[in-house]
Amino acid sequence: MNDAYKELLATCKSVISNPMAYVAEWKSRNPGKKAVGFLPTYVPLEPIYAAGGLPVGLWGSDIPVAVADAYIQQFTCSLVRSVTEEAFTGMYDGLDAVLFPPICDSLKLVGSSWDLNLSGKFLVEFANLPERLDGAAAGTYLEAELRRVSKRINGESIEDRHFPQAIALVNRLRESMAGFCTWRSAHPVPFADVAAILKAATVLHADEYRTLVDKVLSVASAPAEPVHAIPIVVTGLSCQLPHPEMMRCFDEAGLSVVADDLFLGLRGTPAVEENGNPYANIAKSYCKSAPMAIRHTEHAKRHEQILEQIERNRAKGIVFMVPKFCEPEWFDLRYLQEEIRQRRIPNIVLDFEEGLGATGSLQTRLSAFAETLSLR
Amino acid sequence: MALEDAGVTLDSIAFKIATGYGRKRAEANRDVTEITCHAAGAVHLFPGTRTIIDIGGQDTKVIRVSPDGDVENFAMNDKCAAGTGRFLEVMARALEVDIDELGPLSLESDNPQKISSFCTVFGESEVVSHVAGGAAAADIARGIHESVAHRVSGLVKRVGVENELTMSGGVARNPGMRSALSAALSTPINFHENSQIMGALGAALIARTTHQRA
Ligand code: SF4
């Protein structure tokens, strides 16, 4: 693998191992500017960049959950429990604000709890996304909501003239993520590394990330030796970027993930028009986003998308990797699995939680699935 | 030791397959998960097998195979001892009964006691209170097996019950467990006296096929 790739991977791994150290360092380079944490899977990043700030994806870590259990039920997804543990133990004190998308009951509940208990440390705000995107009202509503959110987190209304640059920045961040994903299909790299590189996109400043990825994409390198792994599609992770070590189980089982929906919130929204009314343009982009479990009416479209991914990539099977206690993903799963079974596409459902060191069982289940596929 | 018992030396083994949780660390030509191995072993002994229930010490697996014996689907229990052999061990200790006697004892019951099926720790304290309340040991033992059967049958329903059912693993030798599971699933269950080596048998069969193909 070329040196630019090694540099990208090393930087990404270092940043995601301690995102708050990067935030502190960035703030020392940009005095007076705000670092705004955000929860997955989608919040508008453009207003944060328009004010010169740094959006920071909050994904939690494998620290044991203890304090958070006093505030939320144990039957909450591991992402929510883990970020709550980090928030309540002071790990996010370097942030100026945290933006929540109330996409599920857990985030609604926990966001209110953070607001009640932590608002002395940083501002807690919700970006209330529309549930249905198929009517004209969704765009009009979201435009007004985005204006309100921008004003709340930036303390003042950012003038529209600051937006074109911020919109271009976020567009290029998406392009970098998509560009990297295209590149990796010709350069099979471990899925664990893909997860690390995508995760870092939510922490590093978009400019820095782009510079690193562009270097990789611009170096002409021969495609790596083909990996004799079984191509599969993974779905259920639209609100997740699990720890890369967890994703290593796919590599070790001899499975090559040719399409996934990791962190689809940002990756799945199309480029925003740079000129014109910025809030209307951002709202328009969100209304065209890829189908996701967070909106309960889109499982038919998700099904079509998965079939298309399987066909295009000649995938041999599909892994439904569903976060435990994630109500939106489990709601969709029944429909999706039924359709996939009817077509006799090999599939497996893996529920998972982060931070439990339980990769042994995940490894066994994925290896058994790989063995099943290799016999076909 | 195993080689000695079989009267063979390591050099005379043409192809070795490692299976089980330590498979990656064992010295072998290839590693194969216990899921595939149990399926191969069960289908070899009972060719009509479509569903395999393997209750192990740490986890429980339910495996569905096609009429050709290929693994079609499977489910594993959660990271919890409830519904596993470990649950039976803990309960036997609480009842002060040898683990090998627990199954036969349960067959003498005519008034099974209810034991929680969702947690080993709660289950253990329930057993202790049944003992303190004067319930017959056989009735408590039956309750323990019904509790595991309840948990395992939930897992079986996740992959879908399809006859014939075969039990593999050491717990299959427990007649109380076979009886409770058969009642919970309303279907007979195949059992082989060497059920505890079904996974190893499957591994050996796969090793033979792989070696012959090479
Ligand atoms: S993983 Fe599911 S439950 Fe957890 S925050 Fe995301 S949508 Fe909500």
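The values are calculated or read from the model by the stated rules, or taken from the named source; none is laboratory data. Worth saying up front: this structure is predicted, and the values here are computed from it rather than measured. Here Cβ is always computed from backbone atoms with ideal geometry, including for glycine, and neighbour counts include all displayed protein chains.
Annotations for the structure displayed:
- Listed conditions (1) within 17 Å of B:Gly202 (Cβ to Cβ); (2) facing chain A (nearest Cβ under 10 Å) are all met by B:Ile17, apart from (2).
- Any hit, segment A:75-92, residues being surrounded by fewer than 17 Cβ atoms within 10 Å (Cβ to Cβ) and assigned to a helix (DSSP H, G or I): no
- Considering (1) surrounded by fewer than 22 Cβ atoms within 10 Å (Cβ to Cβ); (2) within 14 Å of chain B (Cβ to nearest Cβ), the lone condition that A:Phe369 does not fulfil carries the number (1).
- Residue match in segment A:303-318 (condition: within 16 Å of the ligand (Cβ to nearest atom), buried (at least 17 other Cβ atoms within 10 Å of the Cβ) and closer than 20 Å to A:Ile232 by Cα): no
- Note on segment B:1-31: residues that are part of a loop (DSSP other than H, G, I, E, B), modelled with pLDDT of 85 or more and over 15 Å from A:Gln363 (Cβ atoms) total 10.
- Qualifying residue in segment A:291-308 (condition: touching a residue at least 24 places away in the same chain (Cβ under 8 Å) and either within 14 Å of chain B (Cβ to nearest Cβ) or under 17 Å from A:Cys77 (Cα atoms) (or both)): yes
- Scanning segment A:232-243 turns up one or more residues that are away from the ligand (no atom under 16 Å from the Cβ), under 29 Å from B:Ile35 (Cβ atoms), in the same structural domain as A:His303 (by TED's automatic domain parsing) and at pLDDT 90 or above.
Yes/no per residue for (1) more than 14 Å from chain B (Cβ to nearest Cβ); (2) buried (at least 21 other Cβ atoms within 10 Å of the Cβ):
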site: A:Lys324; (1), (2): no, no
site: A:Tyr335; (1), (2): yes, no
site: A:Arg341; (1), (2): no, no
site: A:Phe352; (1), (2): no, yes
site: A:Thr359; (1), (2): no, no
site: A:Ser374; (1), (2): no, no
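- Residue in segment B:29-51 that is charged (D, E, K, R) and more than 28 Å from B:Pro175 (Cα to Cα) present: yes
- Top-ranked residue in segment A:288-302 [being within 16 Å of the ligand (Cβ to nearest atom) and farther than 14 Å from A:Thr235 by Cβ; ranked as modelled with the highest pLDDT]: A:Ser289
- Within segment A:18-32, being at pLDDT 95 or above and farther than 17 Å from A:Glu85 by Cβ holds for A:Ala21, A:Tyr22, A:Val23, A:Ala24, A:Glu25, A:Trp26, A:Lys27, A:Ser28, A:Arg29, A:Asn30, A:Pro31.
- The single residue among A:Val124, A:Val98 that is away from every other protein chain (no Cβ under 14 Å), within 14 Å of the ligand (Cβ to nearest atom) and modelled with pLDDT of 95 or more turns out to be A:Val98.
- Cβ pairs under 7 Å, 6+ apart, first in segment A:70-91 and within 14 Å of chain B (Cβ to nearest Cβ), second more than 9 Å from the ligand (Cβ to nearest atom) and not charged (D, E, K, R): A:Ser78/A:Gly355
- Residues in segment B:136-158 that are touching a residue at least 60 places away in the same chain (Cβ under 8 Å) and over 16 Å from the mean Cα position of the chain (by Cα): 1 in all.
- Within segment B:27-81, if we keep just the residues that are of a type in the set (S, T, N, Q) and under 19 Å from B:His150 (Cα atoms), the residue that is farthest from the other protein chains (Cβ to nearest Cβ) turns out to be B:Thr51.
- Checked against the criterion of being within 16 Å of the ligand (Cβ to nearest atom), surrounded by fewer than 19 Cβ atoms within 10 Å (Cβ to Cβ) and away from chain B (no Cβ under 14 Å), the candidates A:Ser61, A:Ser28 yield just one match: A:Ser61.
- Flag for B:Ala138 being of a type in the set (Gly, Ala, Ser) and surrounded by 18 or more Cβ atoms within 10 Å (Cβ to Cβ): yes
- Residues (within 21 Å of the chain's Cα centre (by Cα) and under 26 Å from A:Ser289 (Cβ atoms)) located in segment A:51-70: A:Gly53, A:Leu54, A:Pro55, A:Val56, A:Gly57, A:Leu58, A:Trp59, A:Gly60
- When each of A:Gly90, A:Gly60 is tested for being assigned by TED's automatic domain parsing to the domain that holds A:Ser113, modelled with pLDDT of 95 or more and on the phi > 0 side of the Ramachandran plot, the lone residue that passes is A:Gly90.
- Meets criteria (within 16 Å of the ligand (Cβ to nearest atom), surrounded by fewer than 24 Cβ atoms within 10 Å (Cβ to Cβ) and within 20 Å of A:Pro164 (Cα to Cα)) for A:Arg267: yes
- Checking each residue of segment B:29-44 against the condition of being of a type in the set (Lys, Arg) and either in contact with a Cys (Cβ under 8 Å, 6 or more places away or on another chain) or closer than 19 Å to B:Asn194 by Cα (or both) gives no match.
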